[in-house]
């Protein structure tokens, strides 16, 4: 499996940000780390090995970036208002830097999907829903879609606008909604075992259905826990059966 690593100094985040690319061809899958992890987390926990047959076959090309959660919602030394600012800077980094990089390393008409597990699931879904004009869908595994789960009681406008469970019910722009509805790849997957939250997925699924947004909700059994063995099975299954 071909791997290429590069980095650049991000104007949005004011720091060096690395990105790993796996493969040569296919649709683009942008991987968002789980919590406070880095761009090689998915490789380190053998998820890239699980995806290798699809990457080597040219079905998809994977791009993996750093998280900045430890500089935002997971930083207990930071004022909540500053956490929200940092979160928005991360969104800007993805939209204005990572997406153009992906386009330059694929083609202008390549479909791009975000993907993440745990906290990365929320980010993957939020990024897609905020910019469905440049991102074509999202794969979210073992996530919750209410950002207030991570904000320790803090709430402001910026939390609202990054919390899909809260802002999706109020979306009213038809052009914007139609872009979201045009996606054939909105996937919510979770287990029902330890540390999973299937009810959160059901609640968010209902929010999507209430707006007429088609999606794929799949809740696995009580033996499926919030851990890497789950995601090593789940993501190849989604790629194999849904793409």
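Any read-out appearing in this document is the output of simple, stated calculations on the displayed coordinates, not a laboratory observation. Predicted model, so just to flag it, every value in this text is computed and none were measured. Counting neighbours? That spans all protein chains shown, and the Cβs are built from the backbone with ideal geometry, glycine included.
Brief remarks follow.
- Simple label model, 7 Å out from Cα along Cβ direction - residue 174 to residue 203, nm: 3.2
- Modelled spin-label separation between residue 6 and residue 49, with each label point placed 7 Å from Cα along the Cα-to-Cβ direction: 2.9 nm.
- Extension reserve of the residue 15-residue 105 stretch, reckoned as 0.36 nm per residue once the Cα distance is removed: 30.2 nm
- Rounded if a/c under 1.5, otherwise prolate or oblate - segment 27-97, Cα gyration tensor axes: oblate
- Semi-axis lengths (Å, descending) of the ellipsoid that matches the C-alpha gyration tensor of the chain: 24, 22, 19
- Once the Cα-Cα distance is subtracted from the 0.36 nm per residue extended length, the residue 24 to residue 95 segment shows a gain of 23.4 nm.
- Per-pair calculated FRET efficiency, R0 = 25 Å: residue 233 and residue 184 via Cβ, rounded to 0.05: 0.65
- Separation of the residue 210 and residue 222 label points, Cα + 7 Å toward Cβ, nm: 3.0
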